[in-house]
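See structure below.
The values are calculated or read from the model by the stated rules, or taken from the named source; none is laboratory data. Predicted, not measured: the structure shown is a model, and the values here were computed from it. Cβ placement follows ideal geometry from the backbone for every residue including glycine, while neighbour counts extend to all protein chains displayed. Surface accessibility is based on the protein's heavy atoms, side chains included, excluding ligands, DNA and RNA. Shrake-Rupley method; radii C 1.70, N 1.55, O 1.52, S 1.80 Å.
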Amino acid sequence: MVANLVLLALPLLATYLAATLWHRRFRQWANFPQLKPSLLWGHLQVIHEYTLRAKPKIHIDAVFAQIAKDLGSPPLMYLDLRPVSYPMVVINSHEIAEQVSRVSKLFPWRTPKSPTMWDLVRVIGPESILLRQSEDWKQLRKRFNPGFAPQHLMTLLGCICDKTMIFVDQLERYARSGREFPLNKLTINLTFDIIGAITMDVDFDAQQSESSGQGEFIKLYDRLLNMYGTEDSRFPWWMYPRREWRRYKLSKQIDRRLEDMIRQKHAEQQQQQQQRKQQQEGGEAGKGKPRDILSLSLQGSSELSRELLAETRDQLKTFLFAGHDTTGILLAWLFYELSRSPHVLKAVRGELDAVFGPDPDPGAVREKLMAPNGEELINKMPYINSVIKEVLRLRPPAGTARMAPPGTGFTVRTPDGQSFCLDGAIIYNCATIIQRDGTVYGDTADDFVPERWLGDKSIGSADAEQNEAAGRKFPPGAWRPFERGPRNCIGQDLATIEARVIVALVARRYDFVKVGLGELDLEEAGRPILDEKGQYKTKPELYNTQQVTAKPVDGMMMKVRRLA
Ligand code: HEM
């Protein structure tokens, strides 16, 4: 009898499961623009096929861009990643990206982060500001904001200059030896040293070569990040438990080292606080409150509880990571674009001559920046600002992924008035696609044209009149390398100040020459060939790969020449 019932139930169960699968694959998201899904694999198979046709190790954004093109450039598109991940909606239009990033009645602190952000937990820690939501996040952001106030950032010029002088020494050595080197590694080490000094007043020695004692911390950190650049990194942890276990072990080693540093700094700060108190009691004017991330996180607590230690450790991990990797990538692409755009390089050098005088010596520029009016000089570089903006438009290193929980009814509207409910899907604002939108940037959407930003002093207002007054030429949401809305990048001003200082010290002293991917195509006499857009023609195109963020696939192999 029981056996008969089971025999009867089995086909019913199979029919139910098949109907559910069919519904989820072909009906549930059917109104979204998408490629044809397969019953078993959704869009995984077709994404895999696109990846095979693309360049080796190319960043997934490039695959998405090709899919969007083949679908006729819809403002959003659906990708069914089940059973490996959640369904995903890729946002290709700046109008929709704005609806995702701004506050709404539904989400007063902005659409929640996607659970896939937790893939990064070994790098940034579970308490990271990047992972926090709602009020909890707001309190943290409030605590760290003073560390990024414009006046405070200007006090960091000395530190940025000092670390850049070490970078200059390294370039000098490569110029003398004529050897090629991965520029991205050098810029990332430089920005790591800067962020280490700024966030916790520690010299990580990232710019020392391994043989001459590069810090142990950096080596561990490097090993951990390298584990995010492998082919399997696109897949979730449960598919590769051994990989996850190795990441976990490395992250624990990093945690222990950071915790030791925090304990030591906490003890030092207690002493300093005591001294400040005594000075104040004695009527002496003490120094202002420190605004580095470590001090802001400890908030003067006299006791370093386990919770405070863990919380501070994870914020430091986050700021160390978010504060160096992206800025290093920006610099690598920036020097590459300068190396193949002679008119841009000339304009950059002309602007530096006008601001700092004719002496290109990095030491002389440093002195000018450290003088009392150094701050003013940093703000007198509109052309270099445009170059930075344009590099970040074409090569955004990071993006954002959100998710509205199922049942919340989070709906966006396309420019032509269609509505789409995005509940339960990863919502990916794809800056790579949005920032190359031909309807916004015209025929030159894929070209490097810094001049398009000249005269644009806007800083993100959506108000049409204010835009006009600020000389805005493009809709505000169409440029979003730092994302927008309340959860935008807290370090964006710091990143662009760093970039300006480094360009100021380096761009007139050295010529960069790409080797390998993206190197210049030379005519018979060995001279580079200008194309109709004023850039040198290059051989096989250089592109980004994915290692948490988007970075040049070959590490940006370069040679460098010192100018007289
Ligand atoms: C070119 C350089 C940079 C780029 C392109 C960049 C990009 C971004 C983006 C796209 C986000 C949003 C991430 C998300 O929504 O999940 C973000 C957030 C963040 N960034 Fe940056 N970033 C840069 C530099 C920096 C620097 C220098 C720092 C720190 C010193 C920093 C610290 C952070 C932090 C802490 C957040 C999280 C903010 C929050 O959730 O409130 N970033 N960044």
Whole-number percent relative contact order across the stretch 23-562, with pairs defined as alpha carbons under 8 Å at least 6 apart: 23 percent
Flagged links, alpha-carbon separation over 26 Å, of K138/K185; K69/K539; K36/K105: K138/K185; K36/K105
The chain - convex hull of the alpha-carbon atoms, volume per residue in Å³: 197 Å³
Distance in nm between pseudo-label sites at A149 and A267 (7 Å out along the Cβ direction from Cα): 3.2 nm
Dipole magnitude of the stretch 23-562, debye to nearest 20 (Cβ charges: Lys/Arg +1, Asp/Glu -1, about Cα centre): 1180 debye
Shape metrics for the stretch 127-243, restricted to C-alpha atoms - Rg then Dmax, Å: 18.1, 54
Ratio Rg/Rh [Cα only; Rh per Kirkwood] for the stretch 324-443: 1.15
Heavy-atom accessible area per residue - the stretch 220-315, 1.4 Å, Å²: 64 Å²
Charge dipole magnitude, Cβ of K and R +1, D and E -1 - the stretch 406-564, Cα centre, debye nearest 20: 680 debye
Karplus (6.51, -1.76, 1.60) ³J(HN,Hα), θ = phi - 60°, over the stretch 194-205, in Hz, Gly and Pro reported as x: 5, 5, x, 5, 6, 7, 9, 6, 10, 9, 7, 6
Segment H343-K219, length gained on full extension (0.36 nm per residue, minus Cα span): 40.7 nm
Violating pairs (Cα-Cα greater than 30 angstrom) within the set K219/K346; K55/K317; K163/K380; K249/K551: K219/K346; K55/K317
Mean accessible surface per residue for the stretch 1-158, computed with a 1.4 Å probe while every protein chain stays in place, in Å²: 54 Å²
Positive-end residue, the stretch 23-562 charge dipole about Cα centroid, Cβ charges, pick of P552, N226, I388: N226
Sum of -39500 (n - 2.57) over DSSP H runs of 4+, divided by residues of the chain (222 nm, nearest 500): -15500 deg cm²/dmol
With at most 15 neighbouring Cβ atoms within 10 Å, loop GluC sites (Glu not before Pro) (DSSP) excluded, longest segment of the chain: 304-522
Accessible surface of the stretch 252-397, 1.4 Å probe, proportion on carbon and sulfur as whole %: 46 percent
Accessible surface of the stretch 61-209, 1.4 Å probe, proportion on carbon and sulfur as whole %: 54 percent
Cα-based reach from K277 at 24 Å (exclusive), listing lysines while leaving out same-chain residues under 8 positions away: K265, K287, K289
